[in-house]
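Let me begin by presenting the structure, written as structure tokens, before commenting on it.
The values are calculated or read from the model by the stated rules, or taken from the named source; none is laboratory data. This one's a predicted model, so the numbers in the text were calculated from it and none came from an experiment. Note that we place each Cβ from the backbone using ideal geometry, even for glycine, and neighbour counts take in every protein chain shown.
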Amino acid sequence: MTRDPQVRITSKLPQSGITIFSAMSALAQEHQALNLSQGFPDFEADPKLISLVQEYMQQGHNQYAPSPGILPLREIVSEGREKQHGALYNPDTEVTITAGATQAIAAILTASIREGDEVILFTPAYDCYAPYVELNGGIPVYVKLSFPDYRVDWQQVKKVLNHRTRMIIVNTPHNPSATVFTQQDLDYLEEITKGSNILILSDEVYEHIVFDDMQHVSVSERPELFKRSFVVGSFGKTLHVTGWKTGYCLAPEALTTEVRKIHQYMVFSVNTPVQYALAEYLREVSATGISPMYQQKRDIFRQALQNSRFNILPSQGSYFQLLDYSAVSNLGDVEFARELTIEHGIASIPLSVFYNEHTDHKVLRFCFAKKEETLREAGSILAKL
């Protein structure tokens, strides 16, 4: 029997393929390398949290949750935001539980972006932003962060603003650079958006992971920014359960109404027993205490690299560490990342993949959300190069 020619569709994302995160994790598994590439912990969550999920399953909470999320969890999110940033979000109308932060971002951009709208992205940028902008007919406008400190050049932002600018996407603490916004950054953001219809999408999934007595600053702290902003958070990042894919979106009621319209058709609702478990767990355990734990891991990894030829760039927040390898190799970052994985047993992420122009500063991103022995072993190997 001969096979008929395959039916094909025209790709909406012709430049996209398997993500670098999946590719490097697969390469790490193939070569049994230490996986410091994809951003997930290699240690377990609190057994109490896992036990709570089982309990709620056994209690029969196994059917659809309300589309916006169960009210107790929305109340926890609202109370936490008020306590940490003084921002008042109504849990009934301004908090939505989502199937991870990425789904929240997808729903926000689908609700907000129309054909020809321009969206400002800061590169290196997390890889899901631009594809969702493009899928909704929008046009990504890229502004490079300065190198090697990865700060926003707000004068450059002003230059690209025009009547088509619909949204600015910010990310703090920043993935992949591990920098954090300052109050001055909020000042600039407030200045350039005041009096406009520009929206802000603020990706704050690493909000509880900041170091060296720095503070996470949020757009929700400023009334002028609050009224135009969507804030995205992640329970998975905070509680070491990235595979549960549970996050949230905060926004004023008029903005939330439109996001919820999209959310209900994307996923309708989010895992019910997980929501109940998170709500009970977060009533008793503060999510704000994880920074010291991650700072210790960061410092263990950095200490192991002190006598290496790598230039250790600052890590102010998130659970990533950038290393400049220009004194180690002349290879491009993608090629060097593959060599490190195959020849030396350590997987990382090349930073050029976070740029639309694949800018290569000979920098790799390493995830230090790992067991201490993993970090010491990785550091020991890298220090010998």
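What pairs come up if the first residue lies in segment 138-165 and is more than 18 Å from THR359 (Cβ to Cβ) and touching a residue at least 24 places away in the same chain (Cβ under 8 Å), the second is in a helix (DSSP H, G or I) and not hydrophobic (A, V, I, L, M, F, W, C), and their beta carbons are under 6 Å apart, counting only those six or more places apart or on different chains?
Within 6 Å, the pairs are TRP154/TYR188.
Report yes if GLN316 is surrounded by fewer than 17 Cβ atoms within 10 Å (Cβ to Cβ) and modelled with pLDDT of 95 or more, otherwise no. Reasoning before the result, please.
Numbers: surrounded by fewer than 17 Cβ atoms within 10 Å (Cβ to Cβ): no; modelled with pLDDT of 95 or more: yes.
Answer is no for this residue.
Is it the case that some residue within segment 289-299 is touching a residue at least 60 places away in the same chain (Cβ under 8 Å) and part of a loop (DSSP other than H, G, I, E, B)?
Yes: segment 289-299 contains one or more residues that are touching a residue at least 60 places away in the same chain (Cβ under 8 Å) and part of a loop (DSSP other than H, G, I, E, B).
Quick one: GLY247 ticks every box in (1) crowded, with 20+ Cβ neighbours inside 10 Å; (2) under 24 Å from ARG114 (Cα atoms); (3) touching a residue at least 60 places away in the same chain (Cβ under 8 Å) except a single one, so which number is it?
Exception for GLY247: condition (2).
Assess whether GLU339 counts as being in contact (Cβ under 8 Å) with a residue 24 or more places away in the chain, surrounded by fewer than 19 Cβ atoms within 10 Å (Cβ to Cβ) and on the phi < 0 side of the Ramachandran plot.
Numbers: in contact (Cβ under 8 Å) with a residue 24 or more places away in the chain: no; surrounded by fewer than 19 Cβ atoms within 10 Å (Cβ to Cβ): yes; on the phi < 0 side of the Ramachandran plot: yes.
It is false that GLU339 is in contact (Cβ under 8 Å) with a residue 24 or more places away in the chain, surrounded by fewer than 19 Cβ atoms within 10 Å (Cβ to Cβ) and on the phi < 0 side of the Ramachandran plot.
When you go through (1) crowded, with 20+ Cβ neighbours inside 10 Å; (2) within 22 Å of the chain's Cα centre (by Cα) one by one for VAL53, which number turns out not to apply?
(2)
Would you mind listing the helices (runs of 4 or more DSSP H) fully within segment 124-213 where at least 2 residues are assigned by TED's automatic domain parsing to the domain that holds THR238 and polar (S, T, N, Q)? Outline the logic, then answer.
Numbers: elements: 129-135, 154-160, 183-193.
Per the criteria, 154-160, 183-193.
Which of the numbered conditions does PRO66 fail, given that it passes all the others? Conditions: (1) farther than 30 Å from THR179 by Cα; (2) without any contact (Cβ under 8 Å) to a residue 60 or more places away in the chain; (3) not assigned by TED's automatic domain parsing to the domain that holds ASN356; (4) not aliphatic (A, V, I, L, M).
With respect to (1) farther than 30 Å from THR179 by Cα; (2) without any contact (Cβ under 8 Å) to a residue 60 or more places away in the chain; (3) not assigned by TED's automatic domain parsing to the domain that holds ASN356; (4) not aliphatic (A, V, I, L, M), PRO66 is out only on (2).
Just to be sure, is SER67 more than 20 Å from the chain's Cα centre (by Cα) and hydroxyl-bearing (Ser, Thr, Tyr)? Full working, then the answer.
Numbers: more than 20 Å from the chain's Cα centre (by Cα): yes; hydroxyl-bearing (Ser, Thr, Tyr): yes.
Considered against the rule, which asks whether it is more than 20 Å from the chain's Cα centre (by Cα) and hydroxyl-bearing (Ser, Thr, Tyr), SER67 comes out as yes.
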